[in-house]
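Written out below as structure tokens is the structure these notes cover.
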Amino acid sequence: MKSQALVIADDPQYRGWLENGAGASVEVRPLAARDAEAMLTQLASQQRIDIIFCEFDSRNLAQRVQLVERLLERYPQIPVVGLGATDNADLVLAAMRAGARDFFVLRRDDATLGVQLARLLRRSAASAVTAAAGGQKPGQVFGVVSAHPHESIAFVAEHLALALNESNPGKRTLLMDLATPTGAAAIFLNLAQTYSLLDAINDAHRCDDTLVDTAFTRHSSGLYVLSLPEDLLGRPHIDADELLGLLRVLTTLFSHIVVTVDGHLPLTTLSRFVDQADRLLLVSDQSIMKSRHNKYLVRVLRQEGCSLERAGLVVDNYRRRLGLEPNNLAELFDLPLLIALESESLARVTAMNSGEPVYAASQKDPFWLGIKQLASQLAGAPAQQKAAATGLLKRLLG
């Protein structure tokens, strides 16, 4: 049975070009649509669609972006590919932000067009089979955040990603380390990273299974890692649209994505990420300094209109009898307490310096057992825990 491809293009050259590249196995049909509603009406009458191509140029850019966004809201399982007469960066970026899986340039991609089409159609067919069997949701995004840069952000996130990877055999898990100190996740896992998070952001328009398997750094456990370069001084400027565009593509390729961020990101970028994450984990410890600054971070996010209904507190490096108990901290932040992670100080430092997870020394390490419990909570739908009512911490922290 032939695959069915639709082309939305003002220039008729695109249809012939795609037909020649696709060969006899694909039927390429034009779809005329002046606006999003007209297009959706026509699509509803189609019996089967395997892929849609959409031309982008400077004259119709805003209209085509709206078409693709509306299309993917209604039919997220259908891959959309942008088309253009040139590889103009603004057009490519606009197409990828709208949700296009790839971008083909007329006459430039002749040599690889057939292979690229076959790959996209295979993925479309696999998605259709999954949908028929009950549907497949995009990968879940778990944000791990703290107000100020600290090594504990990457350390907690690294082990959470490892636990999710361990508990989901056969599925891919990604650790995306955007926090500082830069490169901490790769350093703690002793990974020699040649392809960084910055590279992936630049390559978002061509990010697919092939790029993941050939370029992304992979830990011996099977966990994929994208981190900022460790030799980077300061924080690079990262466009929020480009970052979130990459994340949207990655959710089609990974079942779980753990992303580290900190409060030194631009507020607009941070707040938009928080709104996109499926769950947000605020990492704090029992110190006055971190507690106060995390309180301010949570306050600012709420003032920005971010929904924190999916957020929870993780108390790291918990010590009994310090006075600032986890339930009190949860009350301060007005967030449910997810877990208090206990650590053996020597085991923690040894793990960081050796480039091995804490479980390499002992599967019964209390920090690792707590992380596995947290991963189990996040993978399911745990009931939110209420913080104990007390005014002590608020008096302590002002």
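The values are calculated or read from the model by the stated rules, or taken from the named source; none is laboratory data. The structure presented is a predicted model; accordingly, all values stated were derived computationally and were not measured. Please note: Cβ atoms are built from the backbone with ideal geometry, for glycine as well, and neighbour counts cover all protein chains shown. The area values use the complete protein model at the heavy-atom level, side chains included, leaving out ligands, DNA and RNA. Shrake-Rupley method; radii C 1.70, N 1.55, O 1.52, S 1.80 Å.
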Q. Carbon and sulfur together cover what percent of the accessible area of the chain at a 1.4 Å probe radius?
A. 51 percent
Q) Using unit Cβ charges (K, R positive; D, E negative) and no other charged atoms, how large, in debye to the nearest 20, is the dipole of the chain about its Cα centre? A) 1060 debye
Q: Would you calculate, for the chain, the mean residue ellipticity at 222 nm contributed by helices, counting each DSSP H stretch of 4 or more residues as -39,500 (n - 2.57) and dividing by all residues, to the nearest 500?
A: -13500 deg cm²/dmol
**Q.** Spacing of the two label points (7 Å from each Cα toward its C-beta) at Q303 and D275, in nm
**A.** 1.8 nm
Q) What residue among G222, S307, L178 has its Cα farthest toward the positive end of the dipole of the chain, where the charges are +1 on Lys, Arg and -1 on Asp, Glu, each on the Cβ? A) S307
Q | Violating pairs (Cα-Cα greater than 27 angstrom) within the set K171/K295; K290/K372; K295/K364 | A | K171/K295; K295/K364
(Q) Taking 0.36 nm per residue of sequence separation and subtracting the Cα-Cα distance, how much length would be gained by fully extending the chain between E37 and A215, in nm to one decimal? (A) 60.1 nm
Q.
Between L233 and R119, how high is the FRET efficiency from 1/(1 + (r/R0)^6) when r is the Cβ-Cβ distance and R₀ = 35 Å? Nearest 0.05.
A. 0.35
Q) Using the alpha-carbon atoms, what tilt in degrees (0 to 90, nearest 10) does helix 345-354 show relative to the longest principal axis of the chain? A) 40 degrees
Q: Would you mind telling me which residue in M39, M176, M96 has the biggest mean-square fluctuation in a Gaussian network model of the chain, where springs connect alpha carbons within a distance under 10 angstrom?
A: M39
Q. Under the Karplus relation 6.51 cos²θ - 1.76 cosθ + 1.60, θ = phi - 60°, what is the ordered set of whole-Hz ³J(HN,Hα) values for segment 138-148, x standing for Gly and Pro?
A. x, x, 7, 10, 10, x, 10, 9, 8, 5, 10
Q: Take the alpha-carbon centre of segment 204-220, take the same for segment 42-101, and report the distance between them in whole Å.
A: 23 Å
Q.
Test of understanding: in a Gaussian network model of the chain with alpha carbons linked when under 10 Å, which of A24, A184, A311 would top the mean-square fluctuation ranking?
A. A24
Q: Can you tell me the relative contact order of the chain? Whole percent, Cα pairs under 8 Å, sequence separation 6 or more.
A: 15 percent
Q) Which one of L282, P76, Q373 has its Cα pushed farthest toward the positive end of the charge dipole of the chain, where Lys and Arg give +1 and Asp and Glu give -1 at the Cβ? A) Q373
Q: With a 1.4 Å probe and every protein chain left in place, work out the accessible area per residue of the chain in Å², rounded to a whole number.
A: 46 Å²
